[in-house]
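Novice: Please find one structure pasted underneath; my questions will follow.
The values are calculated or read from the model by the stated rules, or taken from the named source; none is laboratory data. Because the structure is a prediction, the values reported are computed rather than measured. Here the Cβ positions follow ideal geometry from the backbone for every residue, glycine too, while neighbour counts run over all protein chains shown. Surface areas here come from the heavy atoms of the whole protein model, side chains and all, with no ligands, DNA or RNA. Shrake-Rupley method; radii C 1.70, N 1.55, O 1.52, S 1.80 Å.
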Amino acid sequence: MSAFVCKSDARGRHNFELLKKLVLPDGSFLRARLPGRPTRDFLFTDPARDGVSLLKIWNMNKYAGVLGVYNCQGAAWNRAARKNIFHQTNTDSISGNVKGCDVHLISEALLDPEWPSDCVVYSHRTGELITLPYDASMPVSLKVLENEIFTLTPIKHLAPGFSFAPSACESSGLVHARMENSSNELVGICMEIKGCGNFGAYSSAKPRKCTVGSSKVEFDYDSSPGLLKFDLGRMPEKGQKDHVVKLSYELNVAE
């Protein structure tokens, strides 16, 4: 889910390929909860002229945070000329870091006072998924005018040895069913998801089955980062607001 929508192209010079990434096929778009805000560690820096700072802007979705990181060095507002001007800047990359606590309200996405302070970070540029403790930092390096968008989702432990972190969804629920005379436990996750396209989530175990509505769908699962992906190739059926997605698991539970 995108955190920021900013269109400033000159009339008749719009980048439609870029705009298509921000808008759903029916003309609607997914909005974040808040205005974008700078992170605390960059409140007293000048990310346009000091030659060493990146700009970090955070926002919140319902179950996740979003963090935009930008290298804006070289462009700044000139008060005398009353316009943006460009100045010579270092062409080397600028390095910074990303933390779970950069998204200041991320704990509100979990609604759990016993949150163990871990989150997953998804890079939209590289497609990598990384598990990150709340106060740990992850390095990021960008050249001038480069940017990166990260989705940060708090991890919730749903059953012994099983944890999950949804991405951009409207609601999620959990169902347990312990099998008689067995150490196995059936766990079902139900989510309501808007829009269409590729959907990703963190899952510590591989699902047995994934359904969208009444249809079983194929999914990809990489156990190393715990990245679960499947395709929502179309918008919800007419008359439906969201896709109803169900994941089924069979977990080994120690007695």
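Novice: Give me the distance between the Cα centres of segment 45-108 and segment 114-150, rounded to whole Å.
Specialist: Each part reduced to its Cα centre gives a spacing of 15 Å.
Novice: Got a sec? Charge dipole of the chain, +1 on Cβ for Lys and Arg, -1 for Asp and Glu; which of Leu129, Asn184, Gln73 is way out at the positive end?
Specialist: It is Gln73.
Novice: Ok, one more. Hey, what number do you get for the chain at 222 nm if only DSSP H runs of n ≥ 4 count, each worth -39500 (n - 2.57), divided across all residues, to the nearest 500?
Specialist: On the way: 1 runs with 5 residues, N = 255.
When only DSSP H runs of four or more count, the value is -500 deg cm²/dmol.
Novice: Along segment 11-21, what does the Karplus equation 6.51 cos²θ - 1.76 cosθ + 1.60 (θ = phi - 60°) give for ³J(HN,Hα), rounded to whole Hz, x for Gly and Pro?
Specialist: 4, x, 10, 6, 8, 5, 5, 6, 5, 5, 6
Novice: Next up: Show me, for segment 219-232, the HN-Hα J-couplings you get by feeding each phi into the Karplus relation (A = 6.51, B = -1.76, C = 1.60, θ = phi - 60°), rounded to Hz, glycine and proline as x.
Specialist: Using θ = phi - 60°, the values come out as 9, 10, 9, 10, 5, 5, x, x, 8, 9, 9, 8, 9, 9 Hz.
Novice: First measure r as the distance between the Cβ atoms of Asp231 and Asp92, then evaluate 1/(1 + (r/R0)^6) with R0 = 41 Å and state the FRET efficiency to the nearest 0.05.
Specialist: On the way: r = 39 Å, r/R0 = 0.94.
For R0 = 41 Å, the calculated efficiency reads 0.60.
Novice: Might you tell me the accessible area per residue for the chain, computed with a 1.4 Å probe and given in Å²?
Specialist: On the way: 15090 Å² over 255 residues.
Heavy-atom accessible area per residue stands at 59 Å².
Novice: Can you give me the relative contact order of the chain as a percent, contacts being Cα pairs under 8 Å and 6 or more apart?
Specialist: Numbers: 551 pairs, mean separation 37.3, N = 255.
Normalised by residue count, the contact order of the chain is 15 percent.
Novice: Now a separate question. Placing +1 at every Lys and Arg Cβ and -1 at every Asp and Glu Cβ, with all other atoms neutral, what dipole size does the chain have around its Cα centre, in debye to the nearest 20? Write down the numbers at each step before the final one.
Specialist: On the way: 30 positive and 28 negative charges, 264 e Å.
Dipole about the Cα centre, nearest 20: 1260 debye.
Novice: Here is a further query. Carbon and sulfur atoms: what percent of the 1.4 Å accessible area of the chain do they account for?
Specialist: Its accessible area is 50 percent carbon and sulfur atoms.
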